[in-house]
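J.: One structure, as structure tokens, below. Some questions next.
The values are calculated or read from the model by the stated rules, or taken from the named source; none is laboratory data. In this text the structure is predicted, and so the values were computed from the model without any measurement. As a convention, Cβ positions derive from the backbone with ideal geometry for all residues, glycine included, and neighbour counts pool all protein chains shown. SASA here: full protein model, heavy atoms, side chains in, ligands and nucleic acids out. Shrake-Rupley method; radii C 1.70, N 1.55, O 1.52, S 1.80 Å.
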Amino acid sequence: MAKSIVIIGAGIAGLSAGCYAQMNGYSTKIFEMHDKPGGLCTAWQRKGYNIDGCLHWFVGSAPGLGLYDIWRELGVLQGQNVVNMEQFYRIEDSKGKVFNVFCNIDRLEQHMKELAPEDDRFIGECTGAMRRFTRFYMPADKAPELYSPFDGLKLLLKMFPFFGALRKWGRMTMDDFGMHFKNPLLRNAWQSIWFPEFSSIFMLITIAYLHNKQAGYILGGSTKISQAIEKRYLQLGGEISYKSRVDKILVENDRAVGVRLADGSEHRAYYVVSAADGHATIYDMLDSKYNNDKIRAYYEKFPIFPPLVYIGLGVNRSFNDFPQIVSGLILSLEKPVTIAGEERKSLSVRIHNFDPTLAPAGRTLLTVLITSNYPYWKSLREDISRYKEEKERIADAVVSLLDKRFPGLAAQVEMRDVATPVTFHRYTGNWQGSFEGWLMTPQTVTLNMSKTLPGLDCFYMAGQWVQPGGGLPSGAMTGRYVTQMICKRDKKRFVAMTP
Ligand SMILES: Cc1cc2nc3c(=O)[nH]c(=O)nc-3n(C[C@H](O)[C@H](O)[C@H](O)COP(=O)(O)OP(=O)(O)OC[C@H]3O[C@@H](n4cnc5c(N)ncnc54)[C@H](O)[C@@H]3O)c2cc1C
């Protein structure tokens, strides 16, 4: 009889673990607290608009990366329309100067050299690194825990040509990267694009993938991805129970034997995989009984992707005359404004004119991402009317700022929706409302986090809390990895198939 696995969470990691476990003859059931699949990879409907809550770029959208094969095994890429845009970002300073971060590296280099001839040398260096990373091999097929010495040697040989670049750019934060530019437009732009403590290597590799057209946008957005993996999982014979919050992981003699749901029901299995939030898994579902100093230090010291105030605007305007941009427009503000208790010098808006499925005909979805902090919103939500007022105030401020850049926009807004860090926490359980788990910093860039917990048998963890940098690839990969680890333990050859 097939061994059983209970999986906590139907985000990308939980669904991936479920698919691969089903392919390998296990009988699995996923318990998901929400009423739909996807976790953070989600969207919500408001007044005819589909507010996409995740997808910017999808690494592995075209052949050449191991991830492409994984997404096909998970049934995600078949039949999808992939859009590859020409621009990654557009940055406008308060005096109207524009820096376009083109996805094509040659075009980007030429544009930067025109804007900042004084930075010729560093521009050559960083675009050289981007070009080098277009040939970068990202290991994805096998759990690092299962590497034999021979696998290690093979990897070493593949990675050898990149060692110097990996070390140099891996150690350089985005803040330092920006500081290398003498030109203020480029310096401020690179410093504002991502988080200052972020390792610049992540950005260089992302541009390399965009250049290669291996990180496209899936038309229809996040739900297309989540629904495709859910479909694949159900077709493989997996079961999902929605609106089923797991409260505790059941343990007997230091062995995970199942889960207890919020309704009190217990569900036993041979293995338990948690693809839910890491902090909740370790500290709440297991009451911190299977923890150690190393894990505690992660949760005390490592920076996380901050939570977001996420504003969706439905605008009766086509934006056909505006370029299609992967991550959107960053506007430097003439005067700083205070939003959610913090002073802001810029505003980042994404104009979803590349995806007509997200808005009624002739209209456009806009999303504005503002990083924020969880305690601010948690305490505000204790007084629901103040919480709602603050959301309204933020929407007013954002609309008025955008109206200055796009005159007439305020009158064209017909839908406003504000999600806060508390919303993210409520719907996905992610610690502090984080939107992608551990930040990839020089400290975490090469860290291989354990997918098991000390002293607990038959238990595995998958998802963004066991792979710094997070993202959809980490979900797909770690779901596959834990299945490989389970197969290895059961002395079974891991198999994967493409539908
Ligand atoms: C605004 C935004 C933009 C992003 N852009 C990109 C992008 O362009 N490209 C990219 O690759 N990534 C992007 N990401 C990141 C990506 O969405 C996440 O890293 C990824 O989806 C995480 O998947 P996961 O399965 O590890 O975790 P999650 O998505 O958090 O899934 C965990 C699941 O577990 C469930 N759960 C939690 N607790 C319990 C419980 N107690 N009982 C039952 N179920 C539970 C949750 O409801 C959830 O469904 C973005 C994220 C956001 C928010």
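J.: When the residues of the range 349-362 are filtered to those that are more than 18 Å from residue 329 (Cα to Cα) and part of a loop (DSSP other than H, G, I, E, B), which remaining residue is most open to solvent (accessible area, probe 1.4 Å)?
T.: Filtering the range 349-362 down to residues more than 18 Å from residue 329 (Cα to Cα) leaves 356-362.
Narrowing the set further to residues that are part of a loop (DSSP other than H, G, I, E, B) leaves 359-362.
Working: 359: 15, 360: 45, 361: 95, 362: 49 Å².
Out of the qualifying residues, it is 361.
J.: If you don't mind, another one. Any residue in the range 40-60 that is open to solvent by 50 Å² or more (accessible area, probe 1.4 Å) and at pLDDT 95 or above sitting within a Cβ distance under 8 Å of a residue that is within 9 Å of the ligand (Cβ to nearest atom) and among the hydrophobic types (A, V, I, L, M, F, W, C)? List the pairs, counting only those 6 or more apart or interchain.
T.: These pairs meet every condition: 57/215; 57/326.
J.: Tally time: how many residues in the range 399-411 are touching an Asp or Glu at 6+ places or on another chain (Cβ under 9 Å), of a type outside the set (Lys, Arg) and open to solvent by 10 Å² or more (accessible area, probe 1.4 Å)?
T.: Step one: filter the range 399-411 for residues touching an Asp or Glu at 6+ places or on another chain (Cβ under 9 Å), giving 404-405, 409-411.
Cutting the leftovers down to of a type outside the set (Lys, Arg) gives us 409-411.
Adding the requirement that they be open to solvent by 10 Å² or more (accessible area, probe 1.4 Å) leaves 410-411.
Here the count works out to 2.
J.: Report, by residue number, each residue of the range 20-39 that is open to solvent by less than 30 Å² (accessible area, probe 1.4 Å) and under 20 Å from the mean Cα position of the chain (by Cα).
T.: 32, 37, 38, 39
J.: Follow-up question, since we're still on this one. Restricted to the range 268-308, and to residues that are crowded, with 22+ Cβ neighbours inside 10 Å and among the aromatic types (Phe, Trp, Tyr), which residue is nearest to the chain's Cα centre (by Cα)?
T.: Top of the filtered list is 305.
J.: Please determine, by comparing only the residues of the range 293-348 that are of a type in the set (A, V, I, L, M) and in a loop (DSSP other than H, G, I, E, B), which one is farthest from residue 91 (Cα to Cα).
T.: Going through the range 293-348, the residues of a type in the set (A, V, I, L, M) turn out to be 295, 297, 304, 308-309, 311, 313, 315, 325-326, 329-331, 333, 337, 339-340, 347.
Applying the additional criterion that residues be in a loop (DSSP other than H, G, I, E, B) yields 326, 340.
Numbers: 326: 13, 340: 23 Å.
The residue in question is 340.
J.: Taking the range 363-398, which residues are open to solvent by 50 Å² or more (accessible area, probe 1.4 Å) and of a type in the set (Val, Ile, Thr)?
T.: Selection gives 371, 384.
J.: Still on this model: Which residue, of 343, 389, is under 22 Å from residue 198 (Cα atoms) and without any contact (Cβ under 8 Å) to a residue 12 or more places away in the chain?
T.: Values: 389 fails: under 22 Å from residue 198 (Cα atoms).
343 is the lone residue from the list that is under 22 Å from residue 198 (Cα atoms) and without any contact (Cβ under 8 Å) to a residue 12 or more places away in the chain.
J.: Also, quick follow-up: Out of 485, 477, I need the residue that is within 16 Å of the ligand (Cβ to nearest atom) and assigned by TED's automatic domain parsing to the domain that holds residue 229. Which one? Break it down stepwise before answering.
T.: Numbers: 485 fails: within 16 Å of the ligand (Cβ to nearest atom).
Result: 477 is the single residue among 485, 477 that is within 16 Å of the ligand (Cβ to nearest atom) and assigned by TED's automatic domain parsing to the domain that holds residue 229.
J.: On the basis of being open to solvent by 30 Å² or more (accessible area, probe 1.4 Å), assigned to a loop (DSSP other than H, G, I, E, B) and not assigned by TED's automatic domain parsing to the domain that holds residue 483, does residue 135 make the cut?
T.: In short, yes.
J.: Which one of these does residue 195 not meet: (1) open to solvent by less than 10 Å² (accessible area, probe 1.4 Å); (2) of a type in the set (Phe, Trp, Tyr); (3) not assigned by TED's automatic domain parsing to the domain that holds residue 467?
T.: All conditions pass for residue 195, except number (1).
J.: Starting from residues that are acidic (Asp, Glu) and touching a Gly at 6+ places or on another chain (Cβ under 9 Å), keep the ones in the range 65-112 and report whichever is surrounded by the most Cβ atoms within 10 Å (Cβ to Cβ). Break it down stepwise before answering.
T.: So in the range 65-112, the residues acidic (Asp, Glu) come out as 69, 73, 86, 92-93, 106, 109.
Applying the additional criterion that residues be touching a Gly at 6+ places or on another chain (Cβ under 9 Å) yields 69, 109.
On the way: 69: 16, 109: 19.
Within the range 65-112, the match that is surrounded by the most Cβ atoms within 10 Å (Cβ to Cβ) is 109.
J.: Step by step: first the residues of the range 412-432, then only those that are among the charged types (D, E, K, R) and within 16 Å of the ligand (Cβ to nearest atom), then the one that is most open to solvent (accessible area, probe 1.4 Å). Which residue is that? So that I can check it myself, show each step before the final result.
T.: Kept after step one, since they are among the charged types (D, E, K, R), are these residues of the range 412-432: 414, 416-417, 426.
Retained after the next criterion (residues that are within 16 Å of the ligand (Cβ to nearest atom)): 417, 426.
Working: 417: 20, 426: 112 Å².
If we take residues in the range 412-432 being among the charged types (D, E, K, R) and within 16 Å of the ligand (Cβ to nearest atom), then 426 is most open to solvent (accessible area, probe 1.4 Å).
J.: If we keep just the residues of the range 433-463 that are modelled with pLDDT under 95 and polar (S, T, N, Q), which is nearest to the ligand (Cβ to nearest atom)?
T.: This residue is 444.
J.: For the range 149-160, check the following and say yes or no: at least one residue is among the aromatic types (Phe, Trp, Tyr) and open to solvent by less than 80 Å² (accessible area, probe 1.4 Å).
T.: no
J.: Looking only at the range 78-97, filter to residues that are within 16 Å of the ligand (Cβ to nearest atom) and assigned to a loop (DSSP other than H, G, I, E, B); which one of those is farthest from residue 236 (Cα to Cα)?
T.: Quick first cut of the range 78-97, residues within 16 Å of the ligand (Cβ to nearest atom) only: 80, 82-85, 87-89.
Applying the additional criterion that residues be assigned to a loop (DSSP other than H, G, I, E, B) yields 80, 84-85.
Details: 80: 20, 84: 31, 85: 34 Å.
By that ranking, first place goes to 85.
J.: So how many residues does the range 244-261 have that are free of Cβ contacts under 8 Å to residues at least 24 places away in the same chain, open to solvent by 40 Å² or more (accessible area, probe 1.4 Å) and within 14 Å of the ligand (Cβ to nearest atom)?
T.: Selection size over the range 244-261: 1.
J.: Give the number of residues within the range 1-16 that are assigned to a loop (DSSP other than H, G, I, E, B) and within 12 Å of the ligand (Cβ to nearest atom).
T.: At the first step, the residues of the range 1-16 found to be assigned to a loop (DSSP other than H, G, I, E, B) are 1-3, 9-10.
Narrowing the set further to residues that are within 12 Å of the ligand (Cβ to nearest atom) leaves 9-10.
The total comes to 2.
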